[in-house]
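Throughout, read-outs are computed from the coordinates displayed, never taken from laboratory work. Since we're looking at a predicted model, the values are computed, not measured. A quick note on method: Cβ atoms are made from the backbone with ideal geometry, for glycine too, and the neighbour counts reach across all protein chains shown.
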Ligand SMILES: [Zn+2]
């Protein structure tokens, strides 16, 4: 009879179980999302003078999104090329077309020629 503990003690949930790939906490995803937005802002700002630098920002954002498993916001998905990772500015290095028959917006990267199709969401764009 050496144990002086009567009753049962509830174990504190201080240790988080890590089995496989644990989901990242919400605050971290928020933080990463914020960083991605900042990177895209910087990409937009440096595009005019240093387009190759804005590609760097895009790649940094891509790396963050894969590492932390954070999905890009819709509006950002359209602003870079999935193939060559160029930051895309319609009118400068990208062509944007609406295709009513496919109910999609096509975005052509003029750097590598890659065409991305983005199905319509809520907003409608009627300009050519
Ligand atoms: Zn491209």
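Here residue 24 clears all of (1) within 16 Å of the ligand (Cβ to nearest atom); (2) part of a loop (DSSP other than H, G, I, E, B); (3) on the phi < 0 side of the Ramachandran plot except the condition numbered (1). Checking the structure you have, find out if any residue of region 64-76 is under 26 Å from residue 23 (Cβ atoms), in contact (Cβ under 8 Å) with a residue 40 or more places away in the chain, within 16 Å of the ligand (Cβ to nearest atom) and crowded, with 16+ Cβ neighbours inside 10 Å. Within region 64-76 (the criterion being under 26 Å from residue 23 (Cβ atoms), in contact (Cβ under 8 Å) with a residue 40 or more places away in the chain, within 16 Å of the ligand (Cβ to nearest atom) and crowded, with 16+ Cβ neighbours inside 10 Å), the answer is yes, since at least one residue qualifies.
The condition of being over 26 Å from residue 31 (Cα atoms) and buried (at least 16 other Cβ atoms within 10 Å of the Cβ) holds for only one of 116, 92, 61, 43, that being 116. Looking across region 98-113 at every residue that is more than 13 Å from residue 87 (Cβ to Cβ) and surrounded by 15 or more Cβ atoms within 10 Å (Cβ to Cβ), the one that is nearest to the ligand (Cβ to nearest atom) is identified as 108.
If you go through region 74-110 and keep only what is under 14 Å from residue 121 (Cβ atoms) and either in contact with a helix residue (DSSP H, G or I) (Cβ under 7 Å, 6 or more places away or on another chain) or in a helix (DSSP H, G or I) (or both), you end up with 74, 75, 76, 77.
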